[in-house]
Amino acid sequence: MDYKDTVKIMLNQGLIKKQKVDFSHIEALLLRAQKDIIAAKANLKIDEEVTYNYAYLAMLRCGRSIVFMKGYRSVDASSIKQL
């Protein structure tokens, strides 16, 4: 199964929908992900669990920005399963 097939399936299942690409939104997500990485590094010696949480958030935001760049967005608030 390739990318196009996956997108068709997700559209048909109502997991994602088309959205106009908004580069300011994508940039904001990536800047927030960068802040999350900085926070993760700052907390590494203090609290390992917090570090993992910030790193996870950064990864999630980067994944969402890729989906947005392709012209789609998640329908569900728990968008991790779509990434």
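Values quoted throughout were computed directly from the atomic coordinates according to the rules given, and no laboratory measurement underlies them. In this text, all values refer to a predicted model and were calculated from it rather than measured experimentally. Note that we place each Cβ from the backbone using ideal geometry, even for glycine, and neighbour counts take in every protein chain shown.
Brief remarks on what is shown
- Size of charge dipole - the chain - debye, nearest 20, with Cβ of Lys, Arg +1 and Asp, Glu -1, no other charges: 360
- Between V75 and K35, full extension at 0.36 nm per residue minus the direct alpha carbon distance yields a gain of 11.8 nm.
- Near Y72, the amide H atoms lying under 5 Å from its own belong to Q19; only residues 5 or more places off or on other chains count, and H is placed 1.01 Å from N.
- Efficiency of FRET between F23 and K45 - r from beta-carbon atoms, R0 41 angstrom, step 0.05: 0.70
- Other residues whose C-beta falls under 13 angstrom from the C-beta of R73 contribute a net charge of +3, scoring Lys and Arg +1 and Asp and Glu -1.
- Phi-derived couplings, Karplus 6.51 cos²θ - 1.76 cosθ + 1.60 at θ = phi - 60°, listed residue by residue for the range 29-46: 4, 5, 5, 5, 4, 4, 5, 4, 5, 4, 5, 4, 5, 5, 9, 4, 7, 8 Hz, with x used for Gly and Pro.
- Only helices enter this figure: runs of n ≥ 4 DSSP H residues, each worth -39500 (n - 2.57), summed and divided by the residues of the chain, yield -21500 deg cm²/dmol at 222 nm to the nearest 500.
- Hydrodynamic radius of the range 3-82 by the Kirkwood approach over all distinct alpha-carbon pairs: 13.6 Å.
- Here Y72, Y56, Y3 are placed in order of increasing Cβ neighbour count within 10 Å, fewest first, which gives Y3, Y56, Y72.
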